[in-house]
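Written out below as structure tokens is the structure these notes cover.
The values are calculated or read from the model by the stated rules, or taken from the named source; none is laboratory data. Given the structure is predicted, the values throughout are model-derived calculations rather than measurements. Ideal geometry is used to build each Cβ from the backbone, glycine not excepted, and the neighbour counts take in all protein chains shown.
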Amino acid sequence: MAERLKATGLPVELASGGRTKFNRVRLGLPKTHALDAVCVGQMDGVQGWQVPTLQIKCAGRGSYQRTRLDKFGFPRGYLMRSKAVAGFATGDLVKAVVPAGAKQGCHRGRVAVQATGSFNIQTREGVVQGIHHRHCKVLQRGDGYGYQQQPKIALASKGCGTQGAATQPALSLLPMNGEVSRASQR
């Protein structure tokens, strides 16, 4: 693959994951997917890296099958024949402005439609159930992907030795056998 890329005549640089980590640690950057992509190869520095990033996640378009089956193949439950209710479909990004009641406020998120016209909205804070369709407005039609704006990446400020550490630590597994693994133990 590298040879085919070089044959295009465009500048191609090959680097290892070790080089990426070296650049990231040397520049004091937190470990994120976007910043790891920036730190590949030979580089002198990074400017303007503390910006929000867009995270795109595959969410699917739902199931074509309208009948749920149990483990023996018998019908267990039935779904609506139509995936849309009052112009809304499951997966659409909506904004619901509820003027009064227990769910009063502005809710923005992915909608799950029900035949009754009472929808569930998956927001950043959690699920808000029982929002009527007349309070909802479509912001974006469901295309099978979920979009989320990641906030700016902030560095931890706990004092000495934390330069470049992210504000929330990543999962770290301890080695099972100290002689086999070279991971540092805490």
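Below are the figures for this structure:
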read-out	value
Matching residues, the range 7-46, being surrounded by 12 or more Cβ atoms within 10 Å (Cβ to Cβ), over 25 Å from P151 (Cα atoms) and small (G, A, S)	A15, G41
Count of the range 121-172 residues which are modelled with pLDDT under 75 and assigned to a strand (DSSP E or B)	2
Looking only at the range 86-120, and only at residues there that are in a strand (DSSP E or B) and among the small types (G, A, S), the one that is nearest to G146 (Cα to Cα)	G109
Residue list for the range 21-74, filter: of a type in the set (S, T, Y) and touching a helix residue (DSSP H, G or I) at 6+ places or on another chain (Cβ under 6 Å)	T53
Pairs, first modelled with pLDDT of 85 or more in the range 62-82, second small (G, A, S), C-beta under 6 Å, six or more apart	R68/G77
Residue within the range 97-112 that is among the hydrophobic types (A, V, I, L, M, F, W, C), free of Cβ contacts under 8 Å to residues at least 60 places away in the same chain and touching an Asp or Glu at 6+ places or on another chain (Cβ under 8 Å) present	yes
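Residue-wise test of (1) among the charged types (D, E, K, R); (2) surrounded by 11 or more Cβ atoms within 10 Å (Cβ to Cβ).
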| residue | (1), (2) |
| --- | --- |
| D70 | yes, no |
| R76 | yes, yes |
| S82 | no, no |
| V98 | no, yes |
| G101 | no, yes |
